[in-house]
Structures are given as structure tokens and as C-alpha cells.
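Q: Below you'll find the structure I mean.
The values are calculated or read from the model by the stated rules, or taken from the named source; none is laboratory data. Note that the structure is a prediction, hence the values are computed from the model and not measured. Cβ sites come from the backbone with ideal geometry, for glycine too, and all protein chains shown count toward neighbours.
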Protein chains: 2
Amino acid sequence: MSTPPAPADPAYRRLSADARREQLIRAAQGLFAHHAPEDVSPEDVARAAGVSRPLVYRYFPGGKQQLYEAVLLDAAEELEGCFTEPRHGPLPERLARALDRYLAFVEDHAEGFTALLRGGGVAETSRTGAIVDRVRRAAADQIMAHMAVERPGPLLLMAVRTWISAVEAASLTWLDEGRRPGRAELRDWLVDHCSAVLAATARHDPQTAAALAAVGSPGPEGARRGEA
Amino acid sequence: MSTPPAPADPAYRRLSADARREQLIRAAQGLFAHHAPEDVSPEDVARAAGVSRPLVYRYFPGGKQQLYEAVLLDAAEELEGCFTEPRHGPLPERLARALDRYLAFVEDHAEGFTALLRGGGVAETSRTGAIVDRVRRAAADQIMAHMAVERPGPLLLMAVRTWISAVEAASLTWLDEGRRPGRAELRDWLVDHCSAVLAATARHDPQTAAALAAVGSPGPEGARRGEA
């Protein structure tokens, strides 16, 4: 550049190390949200942040992989925040609110979300897999907490884990299929899906039956009527 | 070895190229079924087949990765065979028979199945991912065929895909949790799980409702009674 940057240009402000790191993660986040990891380079991140390539490497010596993991960790925290919901009111309504936040996140990070969960990408390692698993565990823990279950037995554990994997599979199919049906319809279907799986599980598993009875779950029929 | 092998030793018979390839795949299959791919080497395959290491590389110049993909393709065909079921009798009973075969396969290939579906392994590539996706598609196609649906809309597609991912997640949890509950109980729960998800979907989606009505599905309650 022939002229020095104006002091007002935010990319060239003198930032603390933490703030600079944060700025680079934000820039990388925007890129990884809308592109598969293989299509993002540290150069792209430098350009998006309006800084030099060496500056990116100073903060992220591991280059793209380290940036990707930092962005993923950040996204994991954001997602875990989506799941947090006060413990009062009917269970299906709590679930609907958490799903609204989750599906908004999925829409905002469509390409990155798809690339990550489709698997087989170059940026995937056991570390990125562990971050994804952490989010799944956080989601399961939230559901158990809302059902007031401390030590889930194998069938309840399966019911909750399979519903979480169903939510992931549904999100991917939804993005693939042009986001049909609409987000509200998908959310309502996922809530009913959960109620139906828990009700089916309660017929096989006394713990699930007791937990549903204790929280006064209306079951799938009631859940549907309650939302109509 | 100090003495030449007896002519009756099958490992040292002169085999046709096809038979030798098949023999090596069988040996590799046994190893990959019970160990994660990173713990299997072409040397192990040679030892298990009772042949020399160079012979393994003659048939599989790509070494472990090529052996792994050959074994995976073979397993994919075996799994697709598990799903094939005559189209008569109540749907939940057809599903129960297919699941019996599938769960027997999962038990027989526990370690390999877990390593493959957990993701992030060294042997995973876009090719191995494509083989896994082929099996998922074959399972979905079978279900659509049994429901006599030619062009599933987005909600029915999601219902079936999410159930398939639920079966995978349940299988992994089941192996992790010491195979509890028993296989028959898990099968019955998965059948009920499917009926419950389809019944919940029918309330949102006319196509699913029409398909269930046409095949005379008894719904989750009836499915349970039918099996009791």
C-alpha cells in the first residue's frame, strides 16, 4: 500500500493480542460458515480481516487447521448456548424454542455445517470430531436435565442420542432440499418426532415412562394439539 | 518355516487370481471387523492369510488403504443384502426381520463398524464416505419401496433418513453400553421407533399419511401389540 491506513480503519487499529485473535477468528468464521474448509486459505482470512498474511500466521502458526479448530470451538460454544433454556413450561415448548435457535444457527452456517457433518473433509481430525461430540453430549445433557433424569439407562440414552442424530440428519437433508419445508414446520416436526420417540421408548423402558409422567409430558398427540 | 507346507494347506494352494484376491479380502475382513483400521497392517493380513507380504502388495499395491476399501465395499454389499426382504406381510414384521440381520452384522463387525462410523479415522477418505452413503441410500430406497413410494417429498425423506441415522446412533450406543438391552429388545424398540416417527410425520405430511394408509400400517400402538 502506498498510503498509510487511516487511523479510523478498524482493521489497522492497534489491537490487544486478545482482540486481534478475536478479530481473526471472526473473519475466519464468516469464511468457514459459507465455504467448505478446503476452499478457505489463511490468505483469505488475512484479506477478510484486512491484515497481512504473516499477521495471521503469527496468531495461528498452525495455519488453516488451527484457524478451523478455533472457529469450530467458538461455534460449539454458540451452539451450546442455543440449547440453554429455562426449566419451566411444557417440555415441547421448551424444545421448540431451543430448536428455533439451533435452526437459525444452521441457516447462518449452512456451508460450514454441511461440510463438517458430511465428513471426510481434509480439515477433519480426531480433534474436530471431539468438538462435534462435545456439542452432541451437551445437547443430550440438556435434554436429560429438562427431563430431570440424572442417570439415564441404555434405552433412554439411545432415545435421546438417536433424536439428536435425527436432528443432524434432518438439518442436512433440509439444507440439501432447498430448505423445504419452512423452518417453523421443520421445528414442529422435530418436536413431534422427539415426543413420538420418547413415547415409544416409554413403552419399553420404565425409566423413560416415569420421567415422562413426572414432567407431565402430554405425549405426541398432546404436543401437537398444544402447538396448534 | 523349515519344512515346506503340506499341499493340503489351503493358504499355499495355487489359487486363481480371483480366488487369491477373495482369500486376501476375507483375511482382511476378519481383521478390520475386530480392530480399528489404524491397528491393521498389510503384514497382519499376510499373516492371517498365511501368505507373504509381497503377495499382498501384488494384489493390493495401494496397501492397507486399498484393502480397507475392498473390505468396506464387500461389507456394503453384505449389508445391502440384509435389507432385502419380500414385500408381503405387515410392515413392522418385515422391518423386524431386516433389523435382525442388520444387528447380527453389527455384532459380527463391532470394532470395524464403530471405527468407521465414529469418524476421524486415518483410513477415512471421500471414497470410504461414499461407500457408507451408498449403504444409507440403499436402506432408504428399500424402505420407500416397501412403502410403495416412488418420489418421496422432503418430510417423508427426512423421516426415513433420520430413522436410518437413528439406527446407526443406536447401534453405536448399544455396542458402547455393553450391548444392553438385548438384541431382540433393541430390534423391537427400533421397529416401534420407526412406526412412531412415521406416524408423527403423517400428521404433518399428506404423502406419508397416504402411504401409511395404503400399506395398512397399524401405527406404533398396533405395531407394538402385533409383536407382543
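Q: Quick one: residue B:125 ticks every box in (1) among the hydroxyl-bearing types (Ser, Thr, Tyr); (2) at pLDDT below 90; (3) under 15 Å from the mean Cα position of the chain (by Cα) except a single one, so which number is it?
A: Against the list (1) among the hydroxyl-bearing types (Ser, Thr, Tyr); (2) at pLDDT below 90; (3) under 15 Å from the mean Cα position of the chain (by Cα), residue B:125 comes up short only on (3).
Q: Hey, another quick one. Can you pull out the residues in region B:80-136 that are among the basic types (Lys, Arg) and outside any loop (DSSP other than H, G, I, E, B)? So that I can check it myself, show each step before the final result.
A: Of region B:80-136, the ones among the basic types (Lys, Arg) are B:87, B:94, B:97, B:101, B:118, B:127, B:134, B:136.
Answer for region B:80-136, where residues must be among the basic types (Lys, Arg) and outside any loop (DSSP other than H, G, I, E, B): B:94, B:97, B:101, B:118, B:127, B:134, B:136.
Q: Kindly establish whether residue A:79 is hydrophobic (A, V, I, L, M, F, W, C) and either under 27 Å from residue A:147 (Cβ atoms) or in contact with a helix residue (DSSP H, G or I) (Cβ under 6 Å, 6 or more places away or on another chain) (or both).
A: Working: hydrophobic (A, V, I, L, M, F, W, C): yes; either under 27 Å from residue A:147 (Cβ atoms) or in contact with a helix residue (DSSP H, G or I) (Cβ under 6 Å, 6 or more places away or on another chain) (or both): yes.
Against the criterion (hydrophobic (A, V, I, L, M, F, W, C) and either under 27 Å from residue A:147 (Cβ atoms) or in contact with a helix residue (DSSP H, G or I) (Cβ under 6 Å, 6 or more places away or on another chain) (or both)), residue A:79 qualifies.
Q: Another one. Return only the number of the condition from (1) aliphatic (A, V, I, L, M); (2) in contact with a Pro (Cβ under 7 Å, 6 or more places away or on another chain); (3) under 16 Å from residue B:174 (Cβ atoms) that residue B:123 does not satisfy.
A: Of everything listed in (1) aliphatic (A, V, I, L, M); (2) in contact with a Pro (Cβ under 7 Å, 6 or more places away or on another chain); (3) under 16 Å from residue B:174 (Cβ atoms), residue B:123 misses just condition (3).
Q: With the condition kept exactly as written, say whether any residue in region A:111-131 is surrounded by fewer than 22 Cβ atoms within 10 Å (Cβ to Cβ) and farther than 30 Å from residue A:42 by Cα.
A: Within region A:111-131, not a single residue is surrounded by fewer than 22 Cβ atoms within 10 Å (Cβ to Cβ) and farther than 30 Å from residue A:42 by Cα.
Q: Scanning for something at the interface with another protein chain (Cβ under 9 Å from one of its Cβ atoms) and over 18 Å from the mean Cα position of the chain (by Cα), does region A:131-140 turn up at least one residue?
A: Within region A:131-140, not a single residue is at the interface with another protein chain (Cβ under 9 Å from one of its Cβ atoms) and over 18 Å from the mean Cα position of the chain (by Cα).
Q: Continuing with the same structure: In region A:23-41, is there at least one residue being of a type in the set (D, E, K, R) and surrounded by 18 or more Cβ atoms within 10 Å (Cβ to Cβ)?
A: No, that holds for no residue.
Q: Considering each of B:58, B:87 in turn, give the residue that is out of contact with any Phe, Trp or Tyr (no Cβ under 8 Å at 6 or more places or on another chain), of a type in the set (D, E, K, R) and not assigned by TED's automatic domain parsing to the domain that holds residue B:142.
A: B:58 is the lone residue from the list that is out of contact with any Phe, Trp or Tyr (no Cβ under 8 Å at 6 or more places or on another chain), of a type in the set (D, E, K, R) and not assigned by TED's automatic domain parsing to the domain that holds residue B:142.
Q: Hey, does region A:178-198 have a residue that's touching a residue at least 12 places away in the same chain (Cβ under 8 Å), closer than 23 Å to residue B:179 by Cβ and assigned to a helix (DSSP H, G or I)?
A: yes
Q: Here is a further query. Take the residues of region B:203-228 that are within 12 Å of chain A (Cβ to nearest Cβ) and in a loop (DSSP other than H, G, I, E, B): which is modelled with the lowest pLDDT?
A: B:228
Residue-by-condition table, conditions (1) facing another protein chain (nearest Cβ under 8 Å); (2) crowded, with 16+ Cβ neighbours inside 10 Å; (3) without any contact (Cβ under 8 Å) to a residue 60 or more places away in the chain:
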| site | (1), (2), (3) |
| --- | --- |
| A:146 | no, yes, no |
| A:152 | no, yes, yes |
| A:175 | no, yes, no |
| A:201 | yes, yes, yes |
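Q: Mind checking which residues of region B:154-173 are of a type in the set (Gly, Ala, Ser) and more than 7 Å from chain A (Cβ to nearest Cβ)? Full working, then the answer.
A: Step one: filter region B:154-173 for residues of a type in the set (Gly, Ala, Ser), giving B:159, B:165-166, B:169-171.
Within region B:154-173, B:159, B:171 qualify.
Q: Any idea which residue in region A:42-85 is surrounded by the most Cβ atoms within 10 Å (Cβ to Cβ), counting only those that are hydroxyl-bearing (Ser, Thr, Tyr) and closer than 23 Å to residue A:15 by Cα?
A: Result: A:68.
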